[in-house]
Structure formats: structure tokens, C-alpha cells
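J.: Shown below is the structure under consideration.
Bear in mind that the values in this text are calculations on the coordinates, not laboratory data. The structure displayed is predicted, hence computed values, not measured ones. Please note: Cβ atoms are built from the backbone with ideal geometry, for glycine as well, and neighbour counts cover all protein chains shown.
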Amino acid sequence: MDCIFCKIVAGTIPAKKVREDELILAFHDIEPKAPKHILVIPKKHLVSLADATAADEALLGRLLLTAGEIAREEGLGKGYRIVISTGPEGGQTVDHLHVHLLGGRQMHWPPG
Ligand code: 5GP
Ligand code: ZN
């Protein structure tokens, strides 16, 4: 499958890994949009949140809990932002579900 994040999971493309377990991988975004910008992904190929089903309930919970744990470990006690770009109008550019963890600067609203 021609999926860049599946290749990172498989180890055929390098990434700066932050955390890994049997279900999840977290790594630094290659083009960080904040001083801390980490992507948390399921190892299983899931295109987007729009493709998730009730069978993915535990996995989705795990993604968010992991992002929160990493935020704590990275010292983002003053806050951070979680983003899940979904579909073309959601600005999704990589079609493998990913949670952005952004922190280390003041975030603004509305996002772009
Ligand atoms: P999206 O645009 O789908 O919300 O987020 C995709 C993110 O993946 C972008 O922030 C982009 O910088 C990041 N990205 C794309 N290709 C790679 C890559 O090969 N390695 C890493 N570490 N990040 C990538
Ligand atoms: Zn994939």
C-alpha cells in the first residue's frame, strides 16, 4: 500500500519516534507548525475519522489518551491543541488517521 504513515510504521521510512506500542505510534511531524508537533497514529491503516466505526472505539480512545500522556511528558502543562484533519475540506493531506499534538506556543481561534 502506498501510504507514507504505513511505511513509517513498517520502518521503511524513518521518523523521530516518541512512543510505540502494539497499537499506536507517535513521532515528530516532519514540518512542525509549533515548537512541539507530534503525530499520534494507529498502526492499523484507517483512512480518517470518517472511516472509523464502533469497532474502533477503544483505538480512538487510546489515541487521545496517548496524546494527553505525551503532552504531559513533553511539559505542555500550560496547554496544547489536538487536531484531527478529516477529508479534503478538513485539510487532511495524509490519508492515514492521525492526531496532531501541537504545543509550546499560544494557539489562536479560529484555526486556519
Ligand atoms: P494533515 O495535513 O493530514 O492534517 O497532516 C499531515 C501531517 O503529516 C503534516 O503536518 C505533515 O507535515 C506530516 N508529514 C507528511 N509526511 C511526513 C513524513 O514523511 N514524516 C513525518 N514525520 N511527517 C510527515
Ligand atoms: Zn496507512
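J.: Report the charge-dipole magnitude of segment 44-97 in Debye, nearest 20, computed about the Cα centre from +1 at each Lys and Arg Cβ and -1 at each Asp and Glu Cβ.
T.: Magnitude of the dipole: close to 200 debye.
J.: Output the relative contact order of the chain, whole-number percent, from Cα pairs under 8 angstrom with separation of 6+ residues.
T.: The normalised contact order for the chain reaches 30 percent.
J.: Could you work out the local net charge near LYS33, counting Lys and Arg as +1, Asp and Glu as -1, over the other residues with Cβ closer than 11 Å to its Cβ?
T.: Spelling it out: positives minus negatives among the neighbours equals +1.
J.: Ok, one more. Residues with amide H under 5 Å of SER48's amide H, sequence separation 5 or more or different chain, H placed in the peptide plane at 1.01 Å from N; which?
T.: It is LEU97, by chain and number.
J.: Could you point to the residue in PRO14, GLY79, THR53 farthest towards the positive end of the chain's charge dipole, with +1 and -1 charges on the Cβ of Lys/Arg and Asp/Glu respectively?
T.: Final value for the positive-end residue is GLY79.
J.: Could you give the dipole magnitude of the chain about its Cα centre, charging the beta-carbon of Lys and Arg +1 and that of Asp and Glu -1, in debye to the nearest 20?
T.: Dipole size: approximately 460 debye.
J.: Can you give me the long-range amide H partners of ARG19? Hydrogens built in the peptide plane at 1.01 Å from N, cutoff under 5 Å, separation of 5 or more residues or another chain.
T.: ALA26
J.: Hey, what do the phi angles of segment 100-110 turn into as Karplus ³J(HN,Hα) couplings, whole Hz, using 6.51/-1.76/1.60 and θ = phi - 60°, x for Gly and Pro?
T.: 7, 10, 10, x, x, 8, 5, 8, 10, 9, x
J.: Sum up the charges of everything whose Cβ sits under 14 Å from the Cβ of LYS16, counting Lys and Arg as +1 and Asp and Glu as -1, but leave LYS16 out.
T.: For residues surrounding LYS16, the net value is -1.
J.: Same structure again: Calculate the spin-label point distance for ILE30 paired with LYS16, positioning each point 7 Å from the Cα along the beta-carbon direction, and give it in nanometres.
T.: 1.4
J.: Taking θ as phi - 60°, what are the ³J(HN,Hα) couplings along segment 28-42 by the Karplus curve (6.51, -1.76, 1.60), each to the nearest whole Hz, with x for Gly and Pro?
T.: Going residue by residue, I get 6, 5, 5, 10, x, 9, 7, x, 10, 9, 10, 9, 10, 10, x Hz, with x marking Gly and Pro.
J.: So how far, in whole Å, is the C-alpha centre of segment 1-26 from the one of segment 65-112?
T.: If we compute the Cα centre of each part, the gap is 18 Å.
J.: Return a single number: how many Lys pairs in the chain, at a sequence separation of 8 or more or on separate chains, have alpha-carbon atoms below 25 angstrom apart.
T.: 20
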